[in-house]
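Just below is one structure, and these are the notes that go with it.
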Amino acid sequence: LLNYLSKSKNDLQFVVERKYPLFKKLLTDIKNEKGCYFSRMTGSGSVCYGLFNNEIKAKKALNNLKIKNSSKSK
């Protein structure tokens, strides 16, 4: 299942990434977190998410991303 999902694509994501580079950066940052298999935007584009190999790594990534992005907004 992971192999199939990691190779699948979201056509809307491609368009959004080209028009709004911030989304591409966010998805890249999620994917680069330890334990992340891949990152995607939902089909409707309402959510960016990453699929992690366990809950602990997912929560740590969430905290890392919050810290990283909160310092940029100041």
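The values are calculated or read from the model by the stated rules, or taken from the named source; none is laboratory data. What you see is a predicted model; the values in this text were computed from it and never measured. Cβ sites come from the backbone with ideal geometry, for glycine too, and all protein chains shown count toward neighbours. The accessibility values were calculated without ligands, DNA or RNA, using every heavy atom of the protein model including side chains. Shrake-Rupley method; radii C 1.70, N 1.55, O 1.52, S 1.80 Å.
Inside the chain, counting only helices (runs of 4 or more DSSP H) that do not spill past its ends, which hold 3 or more residues that are at pLDDT 90 or above and among the aliphatic types (A, V, I, L, M)?
Values: elements: 2-7, 11-19, 21-31, 55-72.
Filter on the chain gives 11-19, 21-31, 55-72.
Kindly provide the set of residues from segment 1-57 that are acidic (Asp, Glu) and open to solvent by less than 100 Å² (accessible area, probe 1.4 Å), ordered by number.
Filtering segment 1-57 for residues acidic (Asp, Glu) gives 11, 17, 29, 33, 55.
If the condition is that a residue be acidic (Asp, Glu) and open to solvent by less than 100 Å² (accessible area, probe 1.4 Å), then 17, 29, 33 are the ones that fit.
Taking segment 40-54 as the region of interest, how many residues are under 14 Å from residue 26 (Cβ atoms), of a type in the set (S, T, N, Q) and touching a strand residue (DSSP E or B) at 6+ places or on another chain (Cβ under 8 Å)? So that I can check it myself, show each step before the final result.
Restricting attention to segment 40-54, the residues satisfying the condition of being under 14 Å from residue 26 (Cβ atoms) are 40-42, 45-50.
Those still in the list that are of a type in the set (S, T, N, Q) too: 42, 46.
After this cut, where a residue has to be touching a strand residue (DSSP E or B) at 6+ places or on another chain (Cβ under 8 Å) as well, the list is 42.
Adding up the residues that qualify gives 1.
Among the numbered criteria (1) open to solvent by 60 Å² or more (accessible area, probe 1.4 Å); (2) in contact (Cβ under 8 Å) with a residue 24 or more places away in the chain; (3) not acidic (Asp, Glu), which one does residue 61 miss?
Here residue 61 clears every test but (1).
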